[in-house]
Each structure stands twice: as C-alpha cells, then as structure tokens.
Amino acid sequence: MITLEDISITFNANTPDENKALRNVNLTINKGDFITVIGSNGAGKSTLYNVIAGTLQPAQGRIVLDMNGAVRDITHDKEYKRARYIGRIFQNPLLGTAGKMSLEDNMMICWKKGWKGLRISLTNKQRDFFREQLKQLGMGLENRLNDNVEQFSGGQRQALTLLMAVMSHPALLLLDEHTAALDPPNAKLVMEITRKFAADYGLTVMMVTHNMQQALDYGNRLLMMDAGEIILDVSGGEKADLTMDDIVKQFRTIKQHELSNDQMMLQ
C-alpha cells in the first residue's frame, strides 16, 4: 500500500553534529498490516514516522502510495495533503481533541473532515450515530455528548482520539507511543480498543512503542530500528514465536557490534 524506497535523511549535514537519521530505508507497508516498531532512543523511529506523514522530506529516495490500484508518488506531498489518508495519534492525549469544545462538536468536526466555521446544528439522527460509535469504547461517553472534552480523563481522551481517527477511514494510522502517557489500566484499555478497531475495521496500523511486551503481544509484524536502519522485520508465525529474550538478545548483539566498531575506529 505504501512503499518507501531507499529513503535517507541527514540532519546537520557536513557539520560536527551530523546525524544520519535514516539510512537507505526500504519498507513496504501492506494493506491490513499491524506493525509494531521498536528501537532505542535515536534509532530513527520518529524520523521514519515524520517522513511517512509528510512532516519531513527525505534527502534521497521516494514514497509510493497504492490506493486500490491507483499508484502515485507522494514523496513531495505536504503533510496536510497526506492527512487525508494518513491518520496520526501522538503520545500526549490532549493533542487529538479540542478540550474547550463539546464531545459532539469534536465528533462533528471529525465527521465533516476538518469543518470549520459557524456551528452546524446536529440532528437527532447524527447524535444517535455518535452514541452508537461511542458505545464501542465502553466508557459511558455516549451519555456525555454535551460535556466539554477537557472534563475527560487522559485515557478517555486518547480513546476518543482513536475513535475519531477510525471514523475518518484512514488508509494508514500512525500511533506514536499513544499509550505511553497513560496509567497502566488506561494504557491496557486503549490498547485493547486499538486491537479491536484494527480487526473490526481492517485498519492498516504502525505503532511505535518502547513497551517490548506490547510489541510482542500486538500486531502481525514487528520492526526493530537502530542507527537509522531497519535491522529486523518479522511477521506471521515468526513474530508469534518471538520472546522477550529474543528481543533482548537482538539488542545486545547490536550494542556489541557498535562497541566493536567504535574500538576499531580508535585503533
């Protein structure tokens, strides 16, 4: 569905602070994939997301989108254009909703895909539809349509953001540590809602996480990044057979290899 071909990005090129954030990355995101992405700080996870979302333009390579057989190069499409088919949820649960607006107005904006301006009167039919959607969250929000979203907990707001993203029917949903700021019970609840929506709506999902157990428990595919490269890409039964020990061993191997390289450079 989305293919990255030979993508590279270097920050502060030709300076002492040069950082090769992505190095010749090749990746195909298939329709229906639920990909978990792991890696240490500075591995390139956020840069990869920003390139896919259009926040950053690659210095090299191209990005190709295949929407039901309609193939086009989106390498230079701006972020606002890609937002029509790429949804993104961030770590901060306050970023995905308008706190000073009512729940029903938040949902109306989502339903109208970015409508702005004078208030649109909601019909009873629309309210009933919103209530049915909100019932999927199991949080009782279907009874709070008139409440401002700022009254909700972080878990409720992040679950609502997830629902609103799903209602927009994205071709790809990027989850950027979307449970990291939540307490464990709410994080577990939002993850289960994520799993349910991915299955029920046939979503294509990429989820960055520092929680190794989440990376193992969720999705059909796992990527590990290091130093701007994808060093592990497993799916299906191979991913299902992975254990926490396997992940830890992989990280240790990486660090030992990096240490060996550093020692060779010093000799």
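Figures for the structure shown
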quantity	calculated
Strands (runs of 3 or more DSSP E) wholly inside region 200-244 containing at least 3 residues that are among the β-branched types (Val, Ile, Thr) and over 20 Å from Ile86 (Cα atoms)	229-235
Residue in region 97-112 that is polar (S, T, N, Q), within 24 Å of Lys196 (Cα to Cα) and open to solvent by 40 Å² or more (accessible area, probe 1.4 Å) present	no
Residue within region 242-257 that is open to solvent by 60 Å² or more (accessible area, probe 1.4 Å), modelled with pLDDT of 80 or more and in contact with a helix residue (DSSP H, G or I) (Cβ under 7 Å, 6 or more places away or on another chain) present	yes
Strands (runs of 3 or more DSSP E) within region 3-95 that include 2 or more residues more than 26 Å from Gly236 (Cβ to Cβ)	19-29, 60-67, 70-73
Which listed residue is over 14 Å from the mean Cα position of the chain (by Cα), open to solvent by less than 30 Å² (accessible area, probe 1.4 Å), within 30 Å of Val51 (Cβ to Cβ) and not hydroxyl-bearing (Ser, Thr, Tyr), from Gly140, Gly155, Gly87	Gly155
Extreme residue, nearest to Phe34 (Cα to Cα), among residues of region 141-196 that are part of a loop (DSSP other than H, G, I, E, B) and of a type in the set (Asp, Glu)	Glu177
Residue list for region 1-23, filter: among the aliphatic types (A, V, I, L, M) and crowded, with 16+ Cβ neighbours inside 10 Å	Met1, Ile2, Leu4, Ile7, Ile9, Ala21, Leu22
Any hit, region 66-77, residues being buried (at least 17 other Cβ atoms within 10 Å of the Cβ), closer than 30 Å to Ile231 by Cα and under 15 Å from the mean Cα position of the chain (by Cα)	no
Of residues in region 113-137 being modelled with pLDDT of 90 or more and part of a loop (DSSP other than H, G, I, E, B), the one least open to solvent (accessible area, probe 1.4 Å)	Leu137
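The values are calculated or read from the model by the stated rules, or taken from the named source; none is laboratory data. All of these numbers come straight from a predicted model, not from anything done at the bench. All Cβ positions, glycine included, derive from the backbone under ideal geometry; neighbour counts span all protein chains shown. The accessibility values were calculated without ligands, DNA or RNA, using every heavy atom of the protein model including side chains. Shrake-Rupley method; radii C 1.70, N 1.55, O 1.52, S 1.80 Å.
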